[in-house]
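Participant: Quick one: structure below, then a few questions.
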Amino acid sequence: LAAMQVGTAHSDPNPNHVYFNSRGIWATYVIFIFITHFIVLSIPFISMALAWTLTCQIHNVITYFWLHWEKGAPFEPLDQGESRTLTHWEQLDDGVQFTANKKFLLVVPIVIFLLTTFYTRYDQIHFLVNALSLVLLAIVPKLPQLYRVRIFGINKW
Amino acid sequence: MSVKHEEQFEPTPYVVAIITYIGYVMLAVFGHMRDFLRNHGFEKNLIATEPARTKDFVPLYQNFESFYTRNLYRRIRDCWNRPIRTCPGAEFELIDRKSPDHGWSFEYPGTHTRAINFGSYNYLGFAETDGPCADAAAAATETFGCGVGSPRAEAGNLDLHTRLEATVAEFVGAEDAIIFPMGFATNALNMPALIGKGCCVLSDELNHSSLVLGARLTGAKIKVFRHNDIADVEAKLRDAIVYGQDRTRRPFKKILIVVEGVYSMEGSVTRLPELIALKKKYKAYLYLDEAHSIGAMGPHGRGVVDYFGCDPRDVDVLMGTFTKSFGGAGGYIAGSQHLVALLRQRSHSGLYGASLPAPVAAQVVTAFQMLMGRAGPPGEGARRLKQLEVNTQYFRASLHRLGVIVYGHRTSPVVPVMIFMPGKIAAFGRETLKRGLGTVVVGYPATPIIESRARFCLSAAHSLDIIDRSVQIIDEVTSLLLMKYSRRPPPAWTAGITREWAEAQLKLVDQQRRPHGAANGGPVPRRPVECRGDPPDKVADENDAAVKDNLAAVAAAS
């Protein structure tokens, strides 16, 4: 409801640009990864290697959808539709590249991947699956060269 | 005491922030799940959808944009837009509504709730159905009708407008003033008349959307500085002067610093003396939006300029509105003769929009005259100002002592109390209403994600008993909802602010008033300025010169 924002103080028309700078949000992100991992680890018939691979995959898929697939904002920002065709990654920090937030979000999946390769004891199939998902879902969409690029027009509108 | 010691913004506790984020993520997850169920037919779908024949077109609107409204706001929307059935004075009566289907629709059982009103911008208590203002407005309606139907520059100028402009200029301490029918338009449509391309606007981070829109409409270069950060303003000023315009490096034609007197979401006060010193040093201009501070701050109610004791001629553009403290509508811009003459010729609102309707103008003129002591019972203006000041400080001090986090400056009549978690937003709104307190709660995206708050707007219409009762209700509700997050002791200035102090301050004002028809030295009966459904009390003295003057002028014009 745009009416929710009228009358309020905002020099930035889209709160999606700045909320990731708030206190404690990085820690919350890491906490969510831990929670997911503990849930997966609690399932009795899954081996350690499979648990780590599952965590890595679930994390990459969910962050792909959250950051690189859903476009626009869940509320109506005051920017007259400029952000309707932008994914969340492109909206963060108003499109400025190499900010602290973007570096953090790039490093976390890499760290998870490294931990996963360790805990899967470098098994070939696990490595292949995790590496593919890391590169295709987590690293490539975050590159500045792919800012606002839509391959084959997928997800353009 | 400097401004910095009298205001505080305690940061969100770390654990609370994390729990708030987890709350929002849970709401988002459930929202997505429910959307999935609705879109695939497992749940009744009550949202608007596109007709089947346009399914393959580019979507007309994004379902995602209404995600928040549908899944968060709709469920708790009984906390906003509550219908009332009396005048919104110190107390009001709400029409009860119940939602059988979680916010999709409302049922009206026909009952009413009487509640204390902390949601209206009624700083001086002029929202009332009787009194000299109401009489003047009624008389003006009978003479001039309800609207004007023409812009000021064509056929829409009434002598009431000229009188109001003179009154405003005198009140604010400027040479001349010009009025507009809409406060938002005063900002948005006059900034383009003052500055254009080739100029620079330095705007505070938390400026109201009317100022943001006005700045964007001018076509000037906009630089945003951190809220109330004078060092940042100076740095950006120096950059603007040294580096000039973007590509050509030509000097800016004008640099305008745009700030508000009191920021209504934070309750903070601008650093006016430092800004005036800066603007004189660097030869910039200052635009001060006193929407929430005119009438509400300062010993004589003349705004932040009065509060800091600055010279009104130092501020180039003094803007304000009549909506908050004067019970009317519209806005004004006051300044030098030259500025106002220019605006009369060039203002977009003055040339194309209709002018201020006569009853509103009459209401506002009478309100100003009451504040200057020329209308109404003697000393009424001073009494209202004092009551607001006492109410504000007493309320804020009591809340600080409770242990909730209160933002803002000691004398700002807007009091934000922090809630933080999304679930508690609705809980606070509903629990306080159950106990008879009506307040406004705000959450994301109107505020930053970890700073949702309840906002209390103090009024001169509130009596000390009402404030005591509200503090008690807030104490109950915040204990129930575990909202007492403050880890700091109450600030130093709250030490002497008690009920006795408040009553002593109010008695001072009473004693300074001339006895009104009573024997010498007799106590003056203090009439509560409250809105009731009872027959009107005659607050105005018919022999009052100014009221007679007004009515005579209105009669003569007919």
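Participant: Given R₀ = 45 Å, FRET efficiency for A:ILE62-B:THR113 by Cβ-Cβ distance, to 0.05?
Facilitator: On the way: r = 44 Å, r/R0 = 0.99.
About 0.50, to the nearest 0.05.
Participant: Starting from the Cα of B:ASP229, step 7 Å along the direction of its Cβ; do the same at A:VAL129; then give the gap between the two resulting points in nm.
Facilitator: With each label placed 7 Å out from Cα toward Cβ, I get 4.7 nm.
Participant: Something else now. What residues from the stretch B:348-380 fall in the zone where the backbone N is under 13 Å from a label point 7 Å along the Cα-to-C-beta line of B:SER150?
Facilitator: Counting only backbone N, you get B:354-355.
Participant: Counting only the heavy atoms of the protein chains, how much of B:CYS87 is accessible to a 1.4 Å probe, in Å² to the nearest 10?
Facilitator: Answer for B:CYS87: close to 30 Å² accessible.
Participant: Quick check on chain B: take the gyration tensor over C-alpha atoms, sort the square-rooted eigenvalues as a ≥ b ≥ c, and tell me if it's rounded (a/c under 1.5), prolate or oblate. Walk me through the numbers before you get to the answer.
Facilitator: Numbers: a/c = 1.37, a/b = 1.14, b/c = 1.20.
Verdict is rounded for chain B.
Participant: Which one, B:MET418, B:VAL305, B:PHE252, is farthest towards the positive end of the dipole of the protein assembly as shown when Lys and Arg carry +1 and Asp and Glu -1 on their Cβ?
Facilitator: It is B:PHE252, whose Cα lies furthest towards the positive end.
Participant: What ranking of B:LYS236, B:LYS484, A:LYS156, B:LYS324 comes out by heavy-atom accessible area, probe 1.4 Å, highest first? Write out the running numbers ahead of the final one.
Facilitator: Details: B:LYS236 55, B:LYS484 75, A:LYS156 105, B:LYS324 30 Å².
From most accessible down to least: A:LYS156, B:LYS484, B:LYS236, B:LYS324.
Participant: Continuing with this model, one more query. Could you grab the relative contact order for the stretch B:132-374? Cα pairs under 8 Å, six or more apart, rounded to a whole percent.
Facilitator: Values: 485 pairs, mean separation 76.8, N = 243.
Here the relative contact order equals 32 percent.
Participant: Tell me what the protein assembly as shown gives for mean residue ellipticity at 222 nm when only DSSP H runs of n ≥ 4 count, each as -39,500 (n - 2.57), the sum divided by the residue total, rounded to 500 deg cm²/dmol.
Facilitator: Numbers: 22 runs with 287 residues, N = 715.
One gets -12500 deg cm²/dmol as the mean residue ellipticity at 222 nm.
Participant: What fraction of the DSSP beta bridges in the stretch B:132-374 is antiparallel, stated in percent and rounded to the nearest 5?
Facilitator: Looking only at bridges with both residues in the stretch B:132-374, the antiparallel portion is about 40 percent.
Participant: Where in the stretch A:112-128 is the amide nitrogen less than 17 Å from a point lying 7 Å along the Cα-to-Cβ axis of A:VAL140?
Facilitator: Inside the label zone: A:128.
Participant: Under 5 Å between amide H atoms, partner at least 5 residues away or on a different chain: which partners does B:CYS310 have, H built in plane at 1.01 Å?
Facilitator: Residues meeting the criterion, in which the H sits 1.01 Å from N, do not exist here.
Participant: Now a separate question. Rounded, prolate or oblate, given the Cα gyration tensor of the stretch B:382-505, with a/c below 1.5 counting as rounded? Intermediate results must be reported in sequence, preceding the final value.
Facilitator: Values: a/c = 1.73, a/b = 1.58, b/c = 1.10.
Because a/c hits 1.5 or more and a/b exceeds b/c, the stretch B:382-505 counts as prolate.
Participant: If you don't mind, there's one more thing I want to ask. Using a 1.4 angstrom probe with every protein chain in place, what is the largest-first accessible-area order of A:ASP123, B:ASP35, B:ASP229?
Facilitator: Working: A:ASP123 65, B:ASP35 20, B:ASP229 45 Å².
Most to least solvent-accessible, the answer reads A:ASP123, B:ASP229, B:ASP35.
Participant: While we're on this one: Once both axes come from the Cα atoms, what is the angle between helix A:124-133 and the longest principal axis of chain A, in degrees from 0 to 90, rounded to 10?
Facilitator: For helix A:124-133, the angle is close to 0 degrees.
Participant: Considering only DSSP beta bridges with both partners in chain B, what is the antiparallel share in %, to the nearest 5? Please report the intermediate quantities before stating the final value.
Facilitator: On the way: 30 of 49 bridges.
Antiparallel: roughly 60 percent of the beta bridges in chain B.
Participant: Continuing with the same structure: B plus A alone minus the pair: what accessible area, both sides summed, probe 1.4 Å, in Å² to 100? The partial results should precede the final answer.
Facilitator: Numbers: alone 25580 and 9940 Å², together 32600 Å².
Its buried surface, counting both partners, is about 2900 Å².
Participant: I've got another one for you. Positive end of the charge dipole of chain B (Lys, Arg +1 and Asp, Glu -1 on Cβ, about the Cα centre): tell me which of B:THR432, B:VAL29, B:PHE118 has its Cα farthest that way.
Facilitator: The Cα lying farthest towards the positive end belongs to B:VAL29.
Participant: To make sure I understand the rule: partners must be lysines, Cα under 24 Å from the Cα of A:LYS156, and not fewer than 8 residues away in the same chain. Which ones qualify?
Facilitator: A:LYS71, A:LYS102, A:LYS142, B:LYS55
Participant: Also, I was wondering about something else. Report the accessible area of B:LEU189, computed with a 1.4 Å probe over the heavy atoms of all protein chains in place, in Å² rounded to the nearest 10.
Facilitator: Approximately 60 Å² for this residue.
Participant: Report, by chain and number, residues whose modeled amide H sits under 5 Å from the one on B:LEU286, excluding near sequence neighbours (fewer than 5 apart, same chain).
Facilitator: So B:LEU286 has HN proximity to B:ILE257, B:ASP316, B:VAL317.
Participant: Kindly report, to the nearest 10 Å², the accessible surface of B:ARG302 as traced by a 1.4 Å probe over protein heavy atoms only.
Facilitator: Its accessible surface works out to 70 Å², give or take rounding.
Participant: Under 8 Å for C-alpha pairs, at least 6 residues apart: give me the relative contact order for chain B, rounded to a whole percent.
Facilitator: On the way: 1029 pairs, mean separation 115.4, N = 558.
Relative contact order here is 21 percent.
Participant: Another question, if that's okay. Under the definition of Cα pairs under 8 Å and six or more residues apart, what whole-number percent is the relative contact order of the stretch B:271-375? Intermediate results must be reported in sequence, preceding the final value.
Facilitator: Working: 127 pairs, mean separation 20.4, N = 105.
Once normalised by length, the contact order is 19 percent.
Participant: Which sequence of B:TYR332, B:TYR444 reflects their accessible areas, 1.4 Å probe, from the largest down? It would help to have the intermediate numbers written out before the result.
Facilitator: Numbers: B:TYR332 0, B:TYR444 20 Å².
Of B:TYR332, B:TYR444, the descending order of accessible area is B:TYR444, B:TYR332.
Participant: Modelling each spin label as a point 7 Å along the Cα-to-Cβ direction, I'd like the A:ARG121/B:ASN81 distance in nm, to one decimal.
Facilitator: Modelled inter-label distance: 6.2 nm.
Participant: Under the rule a/c < 1.5 gives rounded, and otherwise a/b versus b/c splits prolate from oblate, where does the protein assembly as shown land using the Cα gyration tensor?
Facilitator: On the way: a/c = 1.98, a/b = 1.65, b/c = 1.20.
Because a/c hits 1.5 or more and a/b exceeds b/c, the protein assembly as shown counts as prolate.
Participant: If you line up the long axis of helix A:48-63 against the longest principal axis of chain A, both from Cα atoms, how many degrees apart are they, to the nearest 10?
Facilitator: Roughly 10 degrees, rounded to the nearest 10.
Participant: While we're on this one: Percent of accessible area on the stretch B:44-151 owned by carbon and sulfur, 1.4 Å probe?
Facilitator: Answer for the stretch B:44-151 is 55 percent, counting heavy atoms of protein chains only.
Participant: Within the protein assembly as shown, what percent of beta bridges assigned by DSSP are antiparallel, to the nearest 5?
Facilitator: Values: 32 of 51 bridges.
Here the antiparallel bridges make up roughly 65 percent for the protein assembly as shown.
Participant: Positive end of the charge dipole of the protein assembly as shown (Lys, Arg +1 and Asp, Glu -1 on Cβ, about the Cα centre): tell me which of B:THR162, B:SER463, B:LEU194 has its Cα farthest that way.
Facilitator: B:LEU194
Participant: By how many degrees, 0 to 90 and rounded to 10, does the Cα axis of helix A:25-42 deviate from the longest principal axis of chain A?
Facilitator: Here the helix axis deviates by roughly 30 degrees.
The values are calculated or read from the model by the stated rules, or taken from the named source; none is laboratory data. What you are looking at is a predicted structure, and each value in this text was computed from that prediction instead of being measured. Neighbour counts are summed over all protein chains in view; Cβ atoms, including those assigned to glycine, are modelled from backbone coordinates with ideal geometry. What goes into the accessible areas is simple: the full protein's heavy atoms, side chains included, and nothing from ligands, DNA or RNA. Shrake-Rupley method; radii C 1.70, N 1.55, O 1.52, S 1.80 Å.
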